[in-house]
Amino acid sequence: QNNQGEGVRLNGSNVDNTVANNTISNNGQDGIQIDSTGGSCVPNDFNTITGNTIQNNGATGPDEGIRIQGGVCDLIDNNTIDNNGNFDIFMVTAATTDVKITNNTFIGSSSDNVIGVFAGASNNRIAYNTFKDNKETSIVIGDAGTTGNIVEGNLILRTGLSSGGLRGYGIMIYTAGN
């Protein structure tokens, strides 16, 4: 908590890490950043983020609760995530593939967008999460090459209503192939 930079950073070829049951809050940059060279979808070759409370990160810039750039087969499961800088979860680059974002709770988030998938991040799954009373768009997927992403079984309620949001989209997809 209260770090000037990231709260947790997994950098380089870091795989088979678990970040579990922590409070990650009030950090100047990302709450958690996975900045990896990637890996493969084999056992013990991915990261797990589970059971954490991740909130109020990214005060010093357009940072996120969780930023994944280069994660392969990472699991983001059963966390409470809200009120982080630009996005609560942001996935970016073509090296970000097969990430699973499941069973998380996003309630009352003032982040501009809750989950963003951009810049070629592909074949990811966003499923069985709860989104309620969030400021702007709950899930946004865009940019060329950002394909094969699956959004299913999420509960999305009252997006853009409680926090004076401008758009209030539940899900916005603006590229083909998702």
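The values are calculated or read from the model by the stated rules, or taken from the named source; none is laboratory data. The structure presented is a predicted model; accordingly, all values stated were derived computationally and were not measured. All Cβ positions, even for glycine, are placed from backbone atoms using ideal geometry, and neighbour counts span all protein chains on display. Please note that ligands, DNA and RNA were not included when accessible areas were found on the heavy atoms of the full protein model with its side chains. Shrake-Rupley method; radii C 1.70, N 1.55, O 1.52, S 1.80 Å.
Within region 99-122, work out how many residues are among the aliphatic types (A, V, I, L, M), open to solvent by 30 Å² or more (accessible area, probe 1.4 Å) and at pLDDT 95 or above.
Looking only at that region, the number is 0.
Against the conditions (1) farther than 23 Å from Gly145 by Cα; (2) of a type in the set (A, V, I, L, M, F, W, C); (3) open to solvent by less than 10 Å² (accessible area, probe 1.4 Å), where does Ala59 fall short? Just the number, please.
(3)
Go through (1) among the charged types (D, E, K, R); (2) buried (at least 20 other Cβ atoms within 10 Å of the Cβ); (3) at pLDDT below 90 one by one and return the number of the condition Glu64 breaks.
In the conditions (1) among the charged types (D, E, K, R); (2) buried (at least 20 other Cβ atoms within 10 Å of the Cβ); (3) at pLDDT below 90, Glu64 misses (3) alone.
Just to be sure I understand, how many residues within region 123-146 are open to solvent by less than 10 Å² (accessible area, probe 1.4 Å) and either polar (S, T, N, Q) or part of a strand (DSSP E or B) (or both)?
Residues that pass the stated criteria total 12.
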